[in-house]
Amino acid sequence: MGSAPPLVRIVAAELGEELTGILVGAAADVLVFATVDDLRLSGTAGRVQVVGLGVLTLLWAVNFLVARPRRLRAFSSAVAVQDTSVLGQAEERTRQLRRGCVRVAVLVILVTLGGVFLIRLPLLGLSVQLMLILGLIHTWRTAVWWERRHGVHLWRPALSSVGREKWRGSPYYVTVATAGGRGPADLFQME
């Protein structure tokens, strides 16, 4: 199994990417609101942006609510990993986690700055950040809750190493959690 893609913890990957996107987006918003004079937040353009922000956020929240039972069923059918040596090297997992965070950061910057400078919709970047906040809450309420309840860690191949189509079709894997693994620091633990 030496050529198998590295497995990364679901919680570490998702929370890391979501937190990175939120922080980078907040920094981009500060830059935008400090440097751009006319953000078109008043009048019809402002109302359209606020309604669009609300609709996108609402649709994203409904998507999470609809997908939650399916995701919990997928967690329940996770494949147990008996030999933890197949998880690969910690350096490779860390590299894959960083790679995912960089991809999300670049996406958030492009959407935020593109929304302001190309299509003149500064709240588009803010809607992406609200979606990431909803994703953070969703991850906390599903994956973290499920791991704690069952005393395991959930793993999956790194999206950046296998591509979106293979990642969607890959199963979840589980390993037994450490005895003291109940605190926030354990969320980003490598093994």
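Read the figures in this text as sums done on the coordinates, not as results from a lab. A quick note: this is a predicted structure, and the numbers were derived from the prediction, not measured.
Across region 162-176, computed HN-Hα scalar couplings (Karplus, 6.51 cos²θ - 1.76 cosθ + 1.60, θ = phi - 60°) run 10, x, 5, 5, 5, 5, 4, x, 7, x, 7, 10, 10, 10, 5 Hz from first to last residue, x flagging Gly and Pro.
Backbone amide hydrogens, once placed in the peptide plane, bring residue 8 within less than 5 Å of 156, 158, excluding anything fewer than 5 places away on its chain. Within the chain, all pairs of alpha-carbon atoms sorted by distance into 5 Å bins from zero give the percentages 1, 7, 14, 17, 18, 14, 10, 8, 6, 3, 1, 0, 0. Full extension of the chain between residue 118 and residue 176 gives 16.0 nm of extra length, using 0.36 nm per residue less the Cα-Cα distance.
Remark on residue 172: its backbone amide H falls under 5 Å from those of 79, a criterion applied only to residues 5 or more positions apart or on other chains, H modelled at 1.01 Å from N. One chain, two ends: residue 48 and residue 103. Fully extended at 0.36 nm per residue, the span grows by 16.9 nm beyond their Cα-Cα distance.
Can you give me the C-alpha center-to-center distance between region 133-172 and region 1-51, rounded to a whole angstrom? The distance from the Cα centre of region 133-172 to that of region 1-51 comes to 20 Å. For the Cα trace of region 17-59, dividing Rg by the Kirkwood Rh returns an Rg/Rh value of 1.06.
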